[in-house]
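Step one of this worksheet: look at the structure below.
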Amino acid sequence: MDLSKTKIHVIEGMTSGSSAVYLLLKGGKKTLVTPPALKQKNKAIFTLLRDAEVEVNTGIAIVGGVAYPLVKGGYRKEVRGRSTVKPLPKGCTRIFRVHPNRLTEKQREMMAGDGERGKYRAEFIEEGMTGKERRERAREQSAFLYRKWTSEESAKKREQRDERRSRSDYDAPESNGKPRFVGLGAKDVAKLAGLEPGEIRKFLRLKKIGKRGGRYAFTEREAKKVAKAAKKHYARRAA
């Protein structure tokens, strides 16, 4: 349906680009109206629309003062708990929530209230974007810029690292290429002491004996010494 030549009823300065615009059809007549203007002209219909929470590009039919969802072939009504499609009564009022991109720039400019400024006003008037669509675009742009920034920062750090390594006076950190001390672990010490690994770990924590490279690792001599001390410790506790 071409809405470019349909008159739009607005109240100047009272509607923003985020607001809906409704197409009212009764008989053969069609009217475009913004919520503030509709509230002023017909508060009953305005209340029905607000309570129905009509989504963009969907509509309702007002039958007997009740709003029903418009569907192909008529309107949907619950009859005895079952969804039924009923034919539209002749001359009933149908109301559609119109996406702004179906209007002309001139119509959208009439809708843009005093609160619309800068790029948001341009996005609404020139592109017909709703407030929700504009927020989604802003989030997407922000996420894109962040990904671009992190990628550029990573590339910059990688370049600096490669440059340092290529210098003749580069001295690699001592930990680079240095083999990790392996040694005997808590399980090995437990076998020597005839105890459970958990008991050995408790003993090591009690005595504040640290880990090497993130794990307990002892030379054979150290392991025997720890096993003897742990055995003695638990023997005293058992006495």
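Placing dummy labels 7 Å off each Cα toward the beta-carbon, the span from ARG212 to MET14 is 8.3 nm. Among SER151, SER83, SER142, the largest mean-square fluctuation in a Gaussian network model of the chain, built with springs joining Cα atoms closer than 10 Å, belongs to SER83. With θ taken as phi - 60° and the Karplus curve 6.51 cos²θ - 1.76 cosθ + 1.60 applied, the whole-hertz 3J(HN,Hα) list for the range 125-134 is 5, 7, 10, x, 8, 7, x, 4, 5, 5 Hz, x standing for glycine and proline. Compared with the dominant principal axis of the Cα atoms in the chain, helix 43-52 is inclined by about 30°.
Taking the three principal axes of the alpha carbon atoms in the chain, the coordinate ranges are 100, 64, 31 Å, sorted in descending order.
Longest stretch of the chain clear of exposed loop sites (trypsin sites (Lys or Arg not before Pro), DSSP loop, at most 13 other Cβ atoms within 10 Å, sites excluded): 8-71. Once you reduce the range 118-141 and the range 1-66 to the center of their Cα atoms, the two points are 22 Å from each other. Net length available on complete extension from LYS5 to VAL66 is 19.0 nm, with 0.36 nm assigned per residue and the Cα-Cα distance removed. With R₀ set to 45 Å, the beta-carbon distance separating ALA122 from ARG164 gives a calculated FRET efficiency near 0.45.
Calculate, in nm to one decimal, what LYS225 and GLU140 gain on full extension: separation in residues at 0.36 nm each, minus their alpha carbon distance. List each step's numbers first, then the result.
Numbers: separation 85, 0.36 × 85 = 30.60 nm, distance 6.20 nm.
24.4 nm is the gain from fully extending LYS225 to GLU140.
Distance between the pseudo-spin-label points of ARG76 and GLU105 (7 Å out from Cα toward the beta carbon): 3.8 nm. Here's the picture: charge each Lys and Arg Cβ at +1 and each Asp and Glu Cβ at -1 in the chain, and of TYR22, PHE46, LEU145 the one pushed furthest to the positive end of that dipole is LEU145. Here LYS43 is the anchor, and the lysines within straight C-alpha reach of less than 19 Å, apart from those fewer than 8 places off in the same chain, are LYS26, LYS30.
Taking each of LYS157/LYS211; LYS39/LYS77; LYS106/LYS132 in turn, the alpha-carbon distance tops 30 angstrom for LYS157/LYS211.
When Rg and the Kirkwood radius Rh are both evaluated on Cα atoms of the range 8-131, their ratio Rg/Rh stands at 1.02. Shown in residue order for the range 149-162 are the 3J(HN,Hα) couplings computed by the Karplus curve 6.51 cos²θ - 1.76 cosθ + 1.60 at θ = phi - 60°: 5, 5, 5, 5, 5, 4, 5, 5, 5, 5, 5, 5, 5, 5 Hz (x for Gly and Pro). Exposure proxy for ASP2, ASP188, ASP162: other Cβ atoms within 10 Å of each Cβ, ordered fewest to most, give ASP2, ASP162, ASP188.
Inter-label distance, LEU88 to LYS30: 1.1 nm, where each label sits 7 Å from its Cα along the C-beta direction.
Where a number appears in this text, it was derived from the coordinates with a stated rule and is not lab data. Small disclaimer: the values here were computed from a predicted structure and weren't measured. Don't worry about glycine lacking a Cβ; one is built from the backbone with ideal geometry, like all the others, and counts go over all protein chains shown.
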